[in-house]
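The values are calculated or read from the model by the stated rules, or taken from the named source; none is laboratory data. Predicted, not measured: the structure shown is a model, and the values here were computed from it. Quick reminder, even Gly has a Cβ in these numbers, built from the backbone with ideal geometry, and neighbours come from all protein chains shown. In case anyone asks, the SASA skips ligands and DNA or RNA and just uses the protein heavy atoms, side chains included. Shrake-Rupley method; radii C 1.70, N 1.55, O 1.52, S 1.80 Å.
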Amino acid sequence: MDGCAEICKCFLILFNILFALVGSGLVGLGMWLRFGAETRGFFDIDLNTAQFNIGVMVLVVTGVLMLLVAIIGGCGACNHSKTALSVFSGLLFLLIIIEIAAGLMAFMWSGRLADELVNFYNTIYAQYLNTRSPGQAVTLKLFHNAFDCCGIGGPIEVFVRDTCPDGDFLHKLTYSSCPRVIKDVFASRAPMVLGVFLGLAGIMMLVLVCSCVLRCHVSSSYVSSPSYVLLTSSPSVIFPAPAAQQI
């Protein structure tokens, strides 16, 4: 195997190991969000949570698909299987298209996503004021710790103060209103999110090129050996029968 194909093989194996780890992490995260004791209340809220159930399912399905792609790619690279490398290239190309489309949609719909998340937060906030449910308290704590904010009032928030992030007195005076912080975060980080998606798609494109190079090398290395003609018989030379001895 030449140097270029050897480098591509090593790169493919390393990529598929990382890909499998990320896929396992996504599956584990989805299962934890759905069945974990700390987040179970997140799904018991008196609210239509179909979006979140769909989100968890997307995490699990994406993780399983990544694991499948990593296994096929790893087997193809280690065993020099042209079929496995072809399937791996096709699945990877499909994932690249999905990656680019997801980045573009996240960038274009960042404002809409922010509004939906703000509406969800406001609903949980209002319900918690009436019920003081532990599940809703867990949800508010997730929001407050993720965005480092406190309720709707920010530094003057008094109704959900028990769910706000811990900190000293001065830090609590600098808390911002969660709806405003959520919108600011989505507006400021939308280009960065797009860049992350495009960067990942670029890395996967490089892996796709390496897979094609290795597949071409495997195809050229299995050229059928030249056929040899085995001569089982040589042309016979007919000698005349010996004449009878004359007496």
- Task: Please give the peptides 187-197, 65-75 ranked by average Cβ packing (other Cβ atoms within 10 Å per residue), highest first, as a rough proxy for protection.
- Result: 65-75, 187-197
- Task: Starting at the first residue of the stretch 166-177, write each ³J(HN,Hα) from the Karplus equation 6.51 cos²θ - 1.76 cosθ + 1.60 with θ = phi - 60°, in whole Hz, x for Gly and Pro.
- Result: 6, x, 6, 5, 5, 5, 5, 6, 9, 4, 9, 5
- In whole Å, largest first, the alpha carbons of the stretch 70-197 cover along the principal axes 65, 29, 28
- Query: Just how much of Trp109 is accessible, in Å², when a 1.4 Å probe is used and the result is rounded to the nearest 10?
  - Reply: 120
- Message: I need the peptides 176-186, 96-106 ranked by packing, meaning the mean over residues of other C-beta atoms within 10 angstrom, with the highest value on top.
- Response: 176-186, 96-106
- Isotropically averaged projected area of the stretch 102-163, using the convex hull of Cα atoms (one quarter of hull area), nm²: 4.7
- Note on the structure: The alpha-carbon center of the stretch 52-116 and that of the stretch 199-219 are separated, in whole Å, by 15
- Message: Apply the Karplus curve 6.51 cos²θ - 1.76 cosθ + 1.60, θ = phi - 60°, to the phi angles in the stretch 135-149 and return the couplings in whole Hz, x for Gly and Pro.
- Response: x, 5, 5, 4, 5, 5, 5, 4, 4, 5, 6, 5, 9, 6, 9
